[in-house]
Amino acid sequence: MKKEHTSLFSNLFGAKGKPTESEKSTPVVITSYSQPHVLQQRMKEEKLSHGETVTANISPVRLESNFGKMVLYFCPMQSIEIVEKVNAGDGGSLPAEAIVDGLTVPGNCKPGLYTLKNVTLSSNGTMQVIATENTMWESV
C-alpha cells in the first residue's frame, strides 16, 4: 500500500525515482584549453559574421571527463554544417571568446569524438554554442 501512496504523490508532484545511469546527464563546459579559435576559423569558412545566428551540426568535437563534468574541445573540428539560418549577421568580425549554454551529455556518453547536432551558433559578443530541444551527440 505504501508503494501506491508513493506513486500517487510522485505523480501529483512530478517526483520520480532515482534516475538510472543512462538517464543522468553531465554538464558540458569549455576551458581555456578548448581552442575556441578553431570554432572561429570554421565559422569564418562558412562565411558567418558577427551577430549571425544559425542552427548547425559541428563535427567532430572531443569530450573529456574532468571532475564530474565533460569538457568540450573544438581542436579536432573539421566542419560546420548549417541546417538553418536564423538571423543574418552584420558583416563584422567574429569574437574570439566562446561559451556553451545548456549543453549536457547523457550519463552513458564516454569521452571521445562526437558530432554535435542541432545546436544554435550565435556570435554576438561571444561565440555561443547553445543547446536546443533537438540537440544530440552522435559518436564518430
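The values are calculated or read from the model by the stated rules, or taken from the named source; none is laboratory data. Please read all numbers here as calculations on a predicted model, not as lab measurements. Glycine also receives a Cβ, built like all others from the backbone with ideal geometry; neighbour counts cover every protein chain displayed. Ligands, DNA and RNA are excluded from the accessible area calculation, which covers all protein heavy atoms including side chains. Shrake-Rupley method; radii C 1.70, N 1.55, O 1.52, S 1.80 Å.
Okay, residues lined up against (1) β-branched (Val, Ile, Thr); (2) in contact with a strand residue (DSSP E or B) (Cβ under 8 Å, 6 or more places away or on another chain):
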{"position": "Asn57", "(1), (2)": "no, yes"}
{"position": "Pro60", "(1), (2)": "no, yes"}
{"position": "Pro76", "(1), (2)": "no, yes"}
{"position": "Asp90", "(1), (2)": "no, no"}
{"position": "Pro95", "(1), (2)": "no, yes"}
{"position": "Pro106", "(1), (2)": "no, yes"}
{"position": "Pro111", "(1), (2)": "no, yes"}
{"position": "Val119", "(1), (2)": "yes, yes"}
{"position": "Glu133", "(1), (2)": "no, no"}
Original post:
Among the residues of segment 133-140, is any within 14 Å of the chain's Cα centre (by Cα), modelled with pLDDT of 95 or more and open to solvent by less than 60 Å² (accessible area, probe 1.4 Å)?
Top reply: yes
**OP:** Collect the residues in segment 97-113 that are modelled with pLDDT of 95 or more, in a loop (DSSP other than H, G, I, E, B) and open to solvent by 70 Å² or more (accessible area, probe 1.4 Å), keeping them in residue-number order.
**Re:** Glu97, Pro111
Subject >> Hits in segment 25-83 - residues which are modelled with pLDDT of 95 or more, outside any strand (DSSP E or B) and either at positive phi or of a type in the set (A, V, I, L, M) (or both) >> reply: Ile30, Gln35, Val38, Leu39, Met43, Lys47, Leu48, Gly51, Met77
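Scanning for something in a loop (DSSP other than H, G, I, E, B) and modelled with pLDDT of 95 or more, does segment 114-128 turn up at least one residue?
Residues of segment 114-128 that are in a loop (DSSP other than H, G, I, E, B), as a first pass: 125.
Adding the requirement that they be modelled with pLDDT of 95 or more leaves none.
Within segment 114-128, none of the residues are in a loop (DSSP other than H, G, I, E, B) and modelled with pLDDT of 95 or more.
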Original post:
Can you tell me which of Glu97, Glu52 is within 16 Å of Leu121 (Cα to Cα), in contact with a Pro (Cβ under 7 Å, 6 or more places away or on another chain), touching a residue at least 60 places away in the same chain (Cβ under 8 Å) and among the charged types (D, E, K, R)?
Top reply: Glu97
Subject >> Odd one out for Ser79 among (1) within 20 Å of Ser25 (Cα to Cα); (2) touching a residue at least 12 places away in the same chain (Cβ under 8 Å); (3) open to solvent by 20 Å² or more (accessible area, probe 1.4 Å) >> reply: (1)
Original post:
Condition test on Asn87, is it modelled with pLDDT of 95 or more and either among the polar types (S, T, N, Q) or within 17 Å of the chain's Cα centre (by Cα) (or both)?
Top reply: yes
